[in-house]
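Here, each number is a calculation from the coordinates, and none is a lab measurement. Computed from a prediction, not measured in an experiment: that's the story for all the values here. Using ideal geometry, Cβ is built from the backbone for each residue, glycine included, and neighbour counts are taken over all protein chains shown.
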Amino acid sequence: MNTTILRKSVLGIAGLAVAGGLAAGPLHHGTPDTTTLDARPVAATVQADKPAVDKGKLIPHGVQGDQSRIDLNDEQTGNVKAIIAATKKSGLDERAAVVSIATSLQESKLENLGHLGDRNDHDSQGLFQQRPSSGWGTVEQITDPEYATMAFLKGLKQVDGWQDMPLTKAAQTVQVSAYPDHYAQWEQQAADLVAAHWNS
């Protein structure tokens with residue numbers, strides 16, 4: 001048996017195991033199958049087991065204005081997952097995660113920034129560019145993604161009716177930014193990220 005046939009056989013068995021631990025039947029020893037193995041259906045089967053996020057909850061009022069989007073690296077994706085985990089821990093829903101992620105996209109592009117000297121606003125740091133001098137916490141605390149998210153969400157909970165506000169108004173009420181309308185541009189990407197990672 002040549003290496004290509006052996007590799008296809010091993011990959012085929014692994015694919016069946018991933019799809020549900022099914023026992024693979026006997027290997028085919030006749031004419032070699034030259035079809036290319038495609039693992040995508042297996043991944044789709046595994047993904048189908050996750051409960052779907054109610055997308056109506058993510059953007060209940062529709063997006064405002066032109067939307068921006070950036071490609072995320074592993075660190076940024078890890079920060080998305082940390083924001084979602086902290087949102088769940090705080091007892092809030094997917095919409096709160098959308099507001100949090102959109103806010104972080106605007107403030108830091110989902111990067112856990114340290115002090116940037118002259119390039120940043122005063123002593124702002126972390127995912128949400130929170131300031132120790134404004135009472136958000138110590139530098140160590142606000143550069144911890146879970147703490148920073150919980151602090152943001154604590155502020156969001158204090159905004160009466162935040163669930164019924166446009167995202168940018170809810171975020172601005174917590175953040176008090178010099179650019180209050182800039183949060184709106186990240187709502188679609190934030191919603192897409194919550195849809196992709198809320199149940200992962």
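Points worth noting:
- Under the simplified labelling scheme, the THR77-VAL159 pair shows an inter-label distance of 2.9 nm, with each label point 7 Å from Cα along Cα→Cβ.
- Placing +1 on the Cβ of every Lys and Arg and -1 on the Cβ of every Asp and Glu, with nothing else charged, gives the stretch 50-200 a dipole about its Cα centre of roughly 420 debye.
- Amide H contacts under 5 Å for GLY126, placed H, 5+ residues apart: LEU113, GLY114
- Shape category assigned to the stretch 125-200 from the gyration tensor of Cα positions, a/c cut at 1.5: oblate
- The trypsin sites (Lys or Arg not before Pro) of the stretch 129-196 include none that meets both criteria, a DSSP state outside H, G, I, E and B (loop) and at most 14 other C-beta atoms within 10 angstrom of the site's C-beta.
- Label sites at GLU146 and ASP54, each approximated as a point 7 angstrom past Cα along Cα to Cβ, lie 2.8 nm apart.
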